[in-house]
1. Which FRET efficiency value, to the nearest 0.05, do you get for S53 and N76 by plugging their Cβ-Cβ distance into 1/(1 + (r/R0)^6) with R0 = 25 Å?
2. May I ask you to sort I5, I41 by Cβ crowding, counting other Cβ atoms within 10 Å and putting the fewest first?
3. Would you mind ranking Y4, Y89 so that the residue whose beta carbon has the fewest other beta carbons within 10 Å leads the list?
4. If you take every DSSP beta bridge whose two residues both sit in the chain, what share of them, in percent to the nearest 5, is antiparallel?
5. Work out, step by step, the length gained on full extension between K94 and L25: first 0.36 nm times the residue separation, then minus their alpha carbon distance; give nm to one decimal.
6. Go ahead and estimate [θ] at 222 nm for the chain from helices alone: -39,500 (n - 2.57) per DSSP H run with n ≥ 4, summed, over the residue count, rounded to 500.
7. Under a Cβ-Cβ cut-off of 15 Å, what is the net charge of the residues other than M15 that fall near it, where Lys and Arg count +1 and Asp and Glu count -1?
8. What's the local net charge at Y4, with K and R +1, D and E -1, over the other residues with C-beta under 10 Å away?
Amino acid sequence: MKMYILVKRAVPDKMVPLVAAHASLACFRKFEHTANMQTWINGIFKKVVCVVSEKEFENAKKEADHLVLTESALDNQEVCIAFSPREEYTKMFKFFSMWTPQNN
């Protein structure tokens with residue numbers, strides 16, 4: 001099982017670890033009583049952090065069992081989506097790029 005966290009490409013690299021940490025905790029809190037979350041938290045709780053475009057972000061909002069997070073330091077803009085853990089995701093998730101910090 002995996003929890004996907006999709007971060008908008010426009011979020012500064014220095015903020016992504018914090019955004020992802022908040023997303024993981026918020027997702028757990030929202031879905032903590034579901035069977036999938038209990039299986040995930042009591043096993044090997046894998047997380048995948050990906051960077052997405054605005055269009056990919058908007059399309060991902062159509063998926064079930066997620067929450068969208070905003071960031072006060074960025075004028076309360078939507079910055080990421082966290083998905084409740086599951087065994088299988090739709091095909092579009094296979095095409096998202098893993099987040100890696102850019103060398104500045």
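1. On the way: r = 20 Å, r/R0 = 0.81.
In this case the efficiency is close to 0.75.
2. Working: I5 24, I41 14.
Ascending Cβ contact count within 10 Å gives the list I41, I5.
3. Details: Y4 23, Y89 15.
Sorted ascending by nearby Cβ count, the order is Y89, Y4.
4. Values: 12 of 19 bridges.
If we restrict to bridges inside the chain, about 65 percent are antiparallel.
5. Working: separation 69, 0.36 × 69 = 24.84 nm, distance 2.35 nm.
So the chain would gain 22.5 nm between K94 and L25.
6. Values: 3 runs with 30 residues, N = 104.
Result for the chain: -8500 deg cm²/dmol, rounded to the nearest 500.
7. That works out to -1.
8. Numbers: positive: K2, K46, K47, R86; negative: E63.
My count for the surroundings of Y4 gives +3.
All of the numbers you see were taken from the coordinates with simple rules; none came from a lab. This one's a predicted model, so the numbers in the text were calculated from it and none came from an experiment. When we count neighbours, we look across all protein chains shown, and the Cβ atoms used for this are built from the backbone with ideal geometry, even at glycine.
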